[in-house]
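Structure first, then comments.
No value in this document is a laboratory result; all are computed from the given coordinates. Everything quoted here is computed from the prediction, not taken from an experiment. So basically every Cβ, Gly included, is an ideal-geometry build from the backbone, and we count neighbours across all protein chains shown.
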Amino acid sequence: MEKGPNPYLVLALAIVLPGAGHVAIGEPRRGLTFVLFVMLFSILTFMTTTSDQSFIGRHAGGLFIWALSIPDAYRRARLARQRLRQQI
């Protein structure tokens, strides 16, 4: 049995819900920080765009932060698994 988080499961969680991948690898503070910034930038973008923009356009700031959190969670899961394998 392999030790450490499954990076692909973490990747799937990060895609489905912002911050979930970080919480799954034991970094809830980092995950919640990403959630906070996703919400903050979504609201900021929403408030500064016009009503004729699409949903994606009105929430582009938050979606961008979410997109940044996905590879971050995956990379951190891979590093955590690698560290645990080296300890064996």
Restricting the stretch 1-22 to residues that are in contact with a Pro (Cβ under 9 Å, 6 or more places away or on another chain) and either without any contact (Cβ under 8 Å) to a residue 40 or more places away in the chain or among the hydrophobic types (A, V, I, L, M, F, W, C) (or both), which is farthest from Leu79 (Cα to Cα)? Ala14
List pairs: first in the stretch 23-41 and buried (at least 18 other Cβ atoms within 10 Å of the Cβ), second of a type in the set (Val, Ile, Thr) and in a helix (DSSP H, G or I), Cβ under 8 Å, 6+ apart or cross-chain? Ala24/Val10; Ile25/Val10; Gly31/Val23; Phe34/Ile65; Phe37/Ile65; Val38/Ile65; Phe41/Ile65
Can you go through Ala77, Ala12, Ala67 and tell me which one is part of a helix (DSSP H, G or I) and either crowded, with 20+ Cβ neighbours inside 10 Å or touching a Phe, Trp or Tyr at 6+ places or on another chain (Cβ under 6 Å) (or both)? Ala77
Out of Gly31, Gly61, Gly21, Gly26, I need the residue that is over 10 Å from the mean Cα position of the chain (by Cα) and part of a helix (DSSP H, G or I). Which one? Gly61
Could you tell me whether the stretch 42-56 includes any residue that is in contact with a helix residue (DSSP H, G or I) (Cβ under 6 Å, 6 or more places away or on another chain) and touching a residue at least 24 places away in the same chain (Cβ under 8 Å)? no
Filter the stretch 43-57 for residues that are assigned to a helix (DSSP H, G or I) and either β-branched (Val, Ile, Thr) or crowded, with 20+ Cβ neighbours inside 10 Å (or both); the one that is farthest from the chain's Cα centre (by Cα) is Thr48
